[in-house]
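Everything on this sheet refers to the single structure shown next.
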Ligand code: HEC
């Protein structure tokens, strides 16, 4: 009798496992499942924006150039993964070109020239570019304002190591 109950419950267990296994078939893994959201790309963009500043203030021009390159790559990803976006009235490419292209090029020149005064000026232009795009987005400019970072949250990185 015990043996019978045991057999029955094992069967029940196996059955339940099989049924639930079939019912919750995992969704196939596609490139789409790895697509970063624009919010994720922007969070990285904000990190790069801050790191560029601290690298510049430390006159670590190689690091500033590297982080600026990463910033550009982030905008390339934004264009690739989100050619259009629910919060933006214009195509991503067009907005990046209008708000980021010129400030990024000018900042790159200041970094190449290793000129801190020019760097600070162009950094503010870059920040104005970030806010220009946010102002055009439909969530409004006063909820998402980018500024010069006023303290360095990356205490595990030595920005002046060069
Ligand atoms: C092409 C337009 C555009 C440009 C240029 C742009 N942003 Fe954004 N940003 C957006 C949009 C749209 C969102 C909202 C994304 C979403 O739906 O989550 C956003 C969101 C953000 C967020 C909030 C992310 C979060 O989840 O907390 C930050 C921070 C941010 N941007 C920083 C920046 C910085 C820094 C720059 C400039 C270096 C910049 N952005 C340039 C369009 C832009």
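The numbers here are math on the coordinates, done by the rules we state, and not lab data. These numbers come from a predicted model, not from an experiment. Positions of Cβ are backbone-derived with ideal geometry, glycine not excepted, and every protein chain shown enters the neighbour counts.
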* Between residue 162 and residue 116, what is the label-to-label distance in nm when each label sits 7 Å out along the Cα-to-Cβ direction? -> 1.2
* Separation of the residue 150 and residue 33 label points, Cα + 7 Å toward Cβ, nm -> 4.5
* Asked: In nm, what is the difference between 0.36 nm times the number of residues separating residue 125 and residue 65 and their Cα-Cα distance?
  -> 19.9 nm
* **Normalised contact order of the stretch 37-143, rounded percent, pairs of Cα under 8 Å and 6 or more residues apart** => 25
* Per-peptide average of other Cβ atoms within 10 Å, ordering 53-64, 77-88, 98-109 highest first -> 53-64, 98-109, 77-88
* Asked: With each label point set 7 Å from Cα along the Cα-Cβ vector, what nm distance links residue 105 and residue 76?
  -> 1.8
